[in-house]
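Following: one structure in structure tokens, then a few remarks.
We did not get these values from a lab; they are worked out from the coordinates using the rules stated. Only a predicted model underlies this, so the values are computations on that prediction, with no experimental measurement involved. Glycine also receives a Cβ, built like all others from the backbone with ideal geometry; neighbour counts cover every protein chain displayed.
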Amino acid sequence: MTRTRLLMLFLLLGIASLCFTGCSDDCDDPATPVVKPTDAVFVGSAKCGECHETNYDEWVASGHPYKLTKIEGVSPDASFPAHSAFPNDPINPPVGMDWTGVSYTIGGYFWKMRFIDMDGWIVTSGAALDPVQYNFHVEDPEDGNWVTYHTGDEQGTKPYDCGKCHTTGWVDNPDPTDLTANQDGLPGMWGTFFAGGIHCEECHGKGSNHAASPTTVSMLVDNSSAMCGRCHTRDAANRIAASGGWVKHHEQYDEWLHSPHNLYGGPGCNDCHDPHASVVYDDVTPGEGMKTSCTDCHDATEYALKAGAHSFVTPECTDCHMPQLAKSAAVNPSNPYDADVNSHILAINSAPVAAADGMFTADGKFVKTENGLARLTLDFACYGCHQDSDGLGGAAPVRTLQQLSDYATGIHPNAKRLARIAQR
């Protein structure tokens, strides 16, 4: 074979390999290549919904769009879905304010609502300890639903700089005194954004080029857990941050990183969740916010409980392995072992130790890990249902930590994989 023919053969093979490794729908038509939208602009989720109707309907009923809501001088009842918290528990702003003095609300879909004044500052409790945050999900019988927020910080000192995970197209303002780079020119709004809340284009990229030519311009579709972890994280080093004996909220990615699901080749975020759909209102909203059950991956026989265990009632896997260990709005006032966000740590330490010694670091700021693995302690795993030695916890009988440890040891006698994991 001549040198020229050999070069031509390699060239043809190279072109063919591009077809096999690239987008198969377009590779057979070199006149319509897929290009990335490098010069695109935002078009809004309603535009996406013209073609992606199912995904749009799921998304608009989820919590993502309602992280930040602009207020037009009146109650935002119509801005929220009928099934969500605020329309079902309508409130007015904190004492001393009315809707004409509120520029934006933070949250309101399920857990809580905070308020931003007309200058863009988040309303704080200050030295007077004013109740300025409203908790929808867990009511304190002593204080009701209104609680303090950032006590000691006087009003007009807490900027809104959390748009990275509350808005679409957030751009930080490195010089907040330059009001032209603050949303609406508000001194307390330290950045700008295209839309309040997490819209389609925050995850999929700006959509104008794709909207103009859907068949030739692709959008970003990143199914990795790291994509979710851009917001569902708190610590720059991905440690699991804690405060007051609880995991802080929006740390599902950090918990997953230190869980068996990540460390031992298990599922990622999108294997269990539909990112467009609501999880907390999964039973009344479109789509499946929780699309996978534990037994879809874990054989029910292999993970069966040992003989005689929980013979009176069989708990769900998540009752023990995903207790409400994280605090977003409040702790359940009737159960000090129950907050309001499910843990994604999953692994359980069966030793007879409480969280203060067995789960959290000495300063209480982080969850401990060993070889990268974090573990729930038995007080959180069990006292959501059982009561501790002081009678605190759920409605099930009192059990000491030692009794729980004896019970939990070998709880899944057929789980060979679990045993291998525990040995690592």
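Miscellaneous remarks
- Relative contact order of the chain, defined on C-alpha pairs under 8 angstrom at six or more residues apart (%): 13
- Kirkwood-based Rg to Rh ratio, region 159-240, C-alpha trace: 1.06
- Projected-area average for region 277-331 over all orientations - Cα convex hull basis, square nanometres: 5.8
- Rg(Cα) / (2.2 N^0.38 Å) computed for region 45-200, rounded to two decimals: 1.06
- In the list (i) 4, 17, 26, 24, 16, 9, 3, 1, 0, 0; (ii) 4, 16, 21, 23, 17, 11, 7, 2, 0; (iii) 5, 24, 35, 28, 8, 1, 0, the label attached to P(r) over Cα pairs in 10 Å bins from 0, in percent as derived from the coordinates here is (i).
- Projected label distance in nm at Thr148 and Ala304, using a 7 Å step from Cα toward the beta-carbon: 5.4
- Taking the DSSP bridge list for region 45-200 and keeping only pairs wholly inside it, about 90 percent are antiparallel.
- DSSP beta bridge pairing in the chain, given as percent antiparallel to the nearest 5: 80
- Under the convention that each Lys and Arg Cβ holds +1 and each Asp and Glu Cβ holds -1, the size of the dipole of the chain around its Cα centre is about 1640 debye.
- Averaged over residues, the count of other Cβ atoms within 10 Å places the peptides 45-54, 76-85 in the sequence 76-85, 45-54, highest first.
- Relative contact order [Cα under 8 Å, 6+ residues apart], region 45-200, whole percent: 20
- Two-decimal log10 I(q)/I(0) for region 201-323, as the Debye equation yields it once each C-alpha is a single scatterer, q = 0.15, 0.16, 0.23 Å⁻¹: -0.92, -1.01, -1.40
- Its alpha carbons considered, region 266-357 gives a radius of gyration followed by a Dmax of 15.4, 43 Å.
- For region 222-424, the antiparallel share of DSSP beta bridges with both residues in that region comes to about 65%.
- Full extension of the segment from Lys164 to Leu220, taken as 0.36 nm per residue of separation minus the current Cα-Cα distance, would add 18.3 nm.
- Globularity ratio of region 312-424, using Cα Rg and 2.2 N^0.38 Å: 1.04
- The value of relative contact order for region 222-424, using C-alpha pairs under 8 Å at least six residues apart, is 21 percent.
- Secondary-structure-derived ellipticity at 222 nm for the chain, considering helices only, amounts to -5500 deg cm²/dmol, per-run term -39500 (n - 2.57) for DSSP H runs with n ≥ 4.
- Checking the Cα-Cα distances for Lys164/Lys327; Lys164/Lys365; Lys67/Lys368; Lys327/Lys368; Lys291/Lys368 against a 27 Å cut-off, the pairs over it are Lys67/Lys368; Lys291/Lys368.
- Hydrodynamic radius (Kirkwood) for region 222-424, which is based on Cα pairs only, to one decimal in Å: 17.6
- Among Thr180, Thr377, Thr301, residue whose mean-square fluctuation peaks in a GNM of the chain (springs only between Cα atoms under 10 Å): Thr301
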